[in-house]
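Okay, so here's the structure we're looking at.
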Amino acid sequence: MAELISLAVPAESDKTLLVWELNSGPTAEALHVSRARMEGGMGIFSLALAPRPPLARPGFYAIIKFYSAKNAYRAQKACDQKQLFQNSPVKV
């Protein structure tokens, strides 16, 4: 059975993931290409990439908002502590 989701701006915290430990190795352009691929099939409402604060190690973090909590949960389980596109695991 298909899941019906509202295409409204997600406000609940169970629809938002914070991803950190993104290395500075990939260029911002490569991360944006990965973002475009992810948004196509995972029910992502928005994905924001930002550099870590100046006092932290070089790298990025991401805030990902999903249309449904179910998709956010699946993405967290599939990606947490995995080496997705870098040598070290990401934290979701």
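Key figures
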| read-out | value |
| --- | --- |
| Selection count, the stretch 74-90, where residues are surrounded by 14 or more Cβ atoms within 10 Å (Cβ to Cβ) and touching a residue at least 40 places away in the same chain (Cβ under 8 Å) | 5 |
| Unique match (being under 14 Å from residue 17 (Cα atoms) and not in a strand (DSSP E or B)) among 72, 62, 56 | 72 |
| Hits in the stretch 51-73 (condition: at pLDDT below 85 and surrounded by fewer than 14 Cβ atoms within 10 Å (Cβ to Cβ)) | 53, 54, 55, 56, 57, 58 |
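The values are calculated or read from the model by the stated rules, or taken from the named source; none is laboratory data. It should be emphasised that the depicted structure is a prediction, and the values quoted were computed from it without experimental measurement. Cβ atoms come from the backbone with ideal geometry, glycine included; neighbour counts cover every protein chain shown.
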